[in-house]
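Scroll down for the structure; my scribbles are underneath it.
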Amino acid sequence: MTIAEQQPDGDTVDPPGGGRGRGRGPRRRLLPWKHRRNLTPEQLRRRRIATRSALGVCLVCAGTVGWSVGKALTYPGSDSTEARLAEWARDHELGFVVNRLENVQYRMNPPRVGGTLSADALARMKATSGATAAAGAAPGDHAAAPGRPLVPMRSPLRPPVSPALPGEGVYRTLSSARGEPLVQGTYVRPDEDHTSYEAAVAWISGKYARFQLHPGFMEPGGTFDVPPTIPKGQRTGLVATWNGGFRITDGGSRGGFYLDGKTDGELRDGAASEVFSKDGSIKVGVWGRDVRMTPDVVGVRQCLELMVDGGKVVPDIDDGSKWGVADQGGMFVPRSGVGVTAQGDVIMVVGQALSAQSLADLMQRAGAVRAMPLDMNRAWPSFMSYDGSHDPSDPVPTNILDFEDPPNRYYVQATRDFVAVYAR
């Protein structure tokens, strides 16, 4: 018996008993197909066709994916590369991969516990010059009186962390019109553990401002009369903007979007909703209970459920599955939310390291009687104020906090929907 038996197709294998361990050389494995020399001409021809076909399919697939990713990386707007790739993955049923990567990233770089604010954050918190509350002014008190402004400064917000830092919780003017501070804001630390992070609270006069819902060109997509940007010629009187909510197109918002008589997704009873009327006013409430479709409604943006209802944080706020568990729902990440006061003014909160609980708590502390979550993670939360003192037709935007996108994100094509606020 030779060391290896010759096989019909020319390949060799070890004889019974094997040759390893006896100094007889390495074992040779059977090929999964016959060697070329053992094929007939017809078999060779079929193999060439099959090989070339498989290679062609691989090249087409690779080219299609490459073209699709390339398109995602070059679409208009100011989204970061990371945000574009994440959106591409979610659009192609790969959201579970994005979620896992986000969770891994969070575990590797969790938000810091303890510590102090950076020098820049401390300086921003202290910058309250001219922002003292008017004597006797209560939150939402807009009654005109001799010698007093129509829109007095808000009384200081009680911060979650005690003792308060200089300027913490004290409102200052962010945007004004005709000398009235229509948009006011303040900074606080979000909770007693994450003291090296800031959350920003903005207040907007519901009486002296008008609110407009804008679509994003990808979310919800489609064609609307309202553009997915604030173009030149439509910026006069602009005082604030903020981001939309969870995605409509993949069902993440658990609700729908309505604008220009068109609905994307489904307007769901029970969903938390921003509702925009013809007169420029805005309401926040439960669809089907507090708000519903009427001839005056021109826009609706739904997202999850109310976090604050009847002036109180909802009992199940610690149920992470309700507030984006697939996107780090129980974690301290950038988040945003919006609410309304009993007087009809708007409360907007954004933060760098917020849980659902701390976001809801801040909106309730700021005076919201009903409030809802919007979006989360670094790419999406935003709040910008605008200064038109130098050029009223092209006011200068400023981020209330340092987020991923630049402050002019809505002066270019916006991927996702957003809200623009103008002085009346």
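The values are calculated or read from the model by the stated rules, or taken from the named source; none is laboratory data. Remember, it's a predicted structure, so these values are computed and weren't measured experimentally. Don't worry about glycine lacking a Cβ; one is built from the backbone with ideal geometry, like all the others, and counts go over all protein chains shown. Only protein heavy atoms, including side chains, enter the accessible area calculation; ligands, DNA and RNA are left aside. Shrake-Rupley method; radii C 1.70, N 1.55, O 1.52, S 1.80 Å.
General remarks:
- Checked against (1) at pLDDT 95 or above; (2) surrounded by fewer than 19 Cβ atoms within 10 Å (Cβ to Cβ), residue 282 meets all criteria but (2).
- When 188, 226 are checked against the criterion of being in contact with an Asp or Glu (Cβ under 8 Å, 6 or more places away or on another chain), more than 25 Å from residue 299 (Cβ to Cβ) and at pLDDT 95 or above, 188 stands alone in meeting it.
- Strands (runs of 3 or more DSSP E) contained in region 164-220 and holding at least 1 residues under 17 Å from residue 154 (Cβ atoms) and touching a Pro at 6+ places or on another chain (Cβ under 6 Å): 172-177, 180-188, 199-204
- Test: residue in region 242-249 that is in contact (Cβ under 8 Å) with a residue 40 or more places away in the chain and over 20 Å from residue 302 (Cβ atoms): no
- Pairs where the first residue, in region 294-322, is within 15 Å of residue 282 (Cα to Cα) and the second is open to solvent by 60 Å² or more (accessible area, probe 1.4 Å) and at pLDDT 95 or above, C-beta under 7 Å, 6+ apart: 296/278; 298/278; 302/268
- Residue under evaluation residue 351, criteria (1) open to solvent by less than 20 Å² (accessible area, probe 1.4 Å); (2) under 26 Å from residue 265 (Cα atoms), criterion not met: (2)
- Yes/no for residue 397 being touching a Cys at 6+ places or on another chain (Cβ under 7 Å), at pLDDT 95 or above and in a strand (DSSP E or B): no
- Annotation: of all residues in region 230-259 being among the aromatic types (Phe, Trp, Tyr) and open to solvent by less than 10 Å² (accessible area, probe 1.4 Å), the one that is farthest from the chain's Cα centre (by Cα) is 257.
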